[in-house]
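Data first, discussion second: the structure below is written as structure tokens.
Just so you know, all these numbers are worked out from the coordinates, no wet-lab data involved. Since the model is a prediction, treat every value here as computed from it, not as a measurement. No Cβ is skipped: glycine too gets one built from the backbone with ideal geometry, and neighbour counts run over all protein chains shown.
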Amino acid sequence: MAKSEMRSRVARVLVATVLMANLSAAIPYLVRPADYAAAFELSGVPGEAAVRGFGLLFLMWAVPFIPAMLHPVKYRVALVCVLAMQVIGLIGESLMLIALPAGYDALRAMGLRFIAFDGAGLILLVMAYSLSHDI
């Protein structure tokens, strides 16, 4: 196997890993929103609707991952888009956490989980971009 093909395969696996992680959050939010509403300090039907909305947003976010995963060189624009989306998410979550007043421990814990989740995803996507950049 050629070096460029190996790099491309590793890049695909990295993008697929982030996609699967995002879907692992999206699907439970859609299927069992009541299980997650309290972490957002929400409850009842409005809380479930909000959490389902988060799950739907995660699914929407996943769309450009598919071409980036299938062929990170051919669909470089998609790979750059998922990188940009990951950076925006990480910065936005960090700013939201900083702005959160004291006394919202559940929201703070949720924010920290999202930051860790998206930070790890960003590292994998930067690695995928780096691997596929010189192919």
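Results, tabulated for the structure shown:
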read-out: Highest average packing first - 107-114, 76-83, Cβ atoms within 10 Å; value: 76-83, 107-114
read-out: Separation in nanometres of the label points that stand 7 Å from Cα toward Cβ, at Val45 and Leu70; value: 4.0
read-out: Extended-chain gain in nm, criterion 0.36 nm per residue less alpha-carbon gap, Val80 and Leu95; value: 3.2 nm
read-out: Overall Cα dimensions of region 5-58 - principal axes, largest extent first, Å; value: 50, 16, 13
read-out: Matching label, mean projected area of the Cα convex hull in nm² computed from the structure shown, candidates (1) 7.9; (2) 13.3; (3) 8.4; value: (3)
read-out: Two-site FRET efficiency, Ser4 against Ser24, from Cβ-Cβ distance with R₀ of 41 Å, rounded to 0.05; value: 0.85
read-out: Spin-label model distance (nm) - Arg113 vs Leu59, 7 Å beyond Cα toward Cβ; value: 2.1
